[in-house]
Amino acid sequence: MAMSKKFERKKGQNRLWEIIFGEMLLLLVVILCYGNLIWMIPLQILMIPYEIVIKKKKEQWREQQYLAGFREVLQSLITSLQAGYSLENSCRIACTELEPVFHGKKNPTMDQLRRIVRGIDLHRPLEELFLNYAEETGIEEIYQFAVVLDISRNTGGNVVEILKTSMEHLEYRMGAEEEIQVILSGKLFEKNIMLLMPFGMLFYLRMTNPQYVACFYSTTGGHIVMTIFIAAILCCFFWTEQIMDISF
């Protein structure tokens, strides 16, 4: 109960900092593009795409954590099975071995692994526990492994070979995704520079020749132009994110 309250409190703190950071970004945009804080009120609508981006980044981070953790779990299970332990005991050993590896890290894999061990102690079927693991994480590789494990245990299949195959598939996918990210890293940097450049030019003009852009801040037409400018930058951001969102 205490751990749950601590987790909820930390989650609430992280959420608060996300909102503060988003409002600070919005404040910079308002000062730079409108020069009037009254625009903070209507531009709160920009917090919607901000929340979408934050949610997407969180989901990507969560998936990466689960995939990396599941790879460690599979490796530990393979080692224990090759040493002659049963799959149930291998899960217990994996939970013990991986505790120091994930100690102090915000990794959800250990929570799932502890649930599996508790389920084993309650004599629940292991294939059912892994299926629950897959459903809660939503990771395709874990679900595929759980289904194959269910079939193999019911038909007397070679569990060690199944684990090896799953491990190879997972490592192949993660390796391919890492290569894709390396290839795209340069393009992502260029994309961010191109999206920030208009704001940089506007900041430069305001600092060096404010009269040159004064019409954008003192007329209705200028406000409309700035609104279109922000909308165009936002559309370009989501467009480029969609183009570079390559899943393997």
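The values are calculated or read from the model by the stated rules, or taken from the named source; none is laboratory data. None of the values given here were measured: they were computed from a predicted structure. Counting neighbours? That spans all protein chains shown, and the Cβs are built from the backbone with ideal geometry, glycine included. Remember, those area values only see protein heavy atoms, side chains included, never the ligands or the DNA or RNA. Shrake-Rupley method; radii C 1.70, N 1.55, O 1.52, S 1.80 Å.
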**Report entry** In sequence order, calculated HN-Hα J values of segment 148-153 (Karplus, 6.51, -1.76, 1.60; Hz; x Gly/Pro)
**Finding:** 5, 5, 4, 5, 5, 6
Query - Normalised contact order of segment 161-248, rounded percent, pairs of Cα under 8 Å and 6 or more residues apart - result: 37
**Report entry** Of MET174, MET110, MET197, the one that fluctuates the most in a GNM where the chain has Cα springs shorter than 10 Å
**Finding:** MET197
**Report entry** Lys/Arg +1, Asp/Glu -1 at C-beta; segment 116-197 dipole; positive extreme among PHE189, ALA134, LEU122
**Finding:** PHE189
Query raised in the report: Just ASN89, ASN209, ASN132 to compare: in a GNM of the chain, with alpha carbon springs under 10 Å, which one fluctuates most?
Result: ASN209
Report task. Return, ordered by residue number, the residues of segment 40-66 whose backbone nitrogen is under 19 Å from a label point located 7 Å along Cα→Cβ of LEU25. Result -> 40-62
Report summary line: Partner aspartates and glutamates whose C-alpha sits under 15 Å from that of LYS164, ignoring same-chain residues fewer than 8 away, are GLU72, GLU141
Report task. Straight distance only, please: which aspartates and glutamates reach the Cα of LYS191 with their own Cα at less than 15 Å, same-chain residues fewer than 8 apart left out? Result -> GLU241, ASP245
Query - Per residue value of the accessible surface for the chain (all protein chains in place, 1.4 Å probe), Å² - result: 64
Report summary line: In nm², the average projected area of the convex hull spanned by the Cα atoms of the chain is 17.4
Report summary line: CD proxy, 222 nm, the chain: helix-only mean residue ellipticity via -39,500 (n - 2.57) per DSSP H run with n ≥ 4, per residue, nearest 500, stands at -28500 deg cm²/dmol
Requested in this report: Find the centroid of the Cα atoms in segment 56-81 and in segment 91-138, then give the distance between the two in whole Å.
Outcome: 11
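Ignoring the sites themselves, what is the longest stretch of the chain with no trypsin sites (Lys or Arg not before Pro) in a DSSP loop and at most 12 other beta-carbon atoms within 10 Å? Don't jump to the answer; show the numbers that get you there.
Details: sites that count: LYS105, LYS106.
Formally, the longest exposed-site-free interval is 107-248.
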Query - Charge context of LEU184, other residues only, Cβ under 15 angstrom, K/R +1, D/E -1 - result: -4
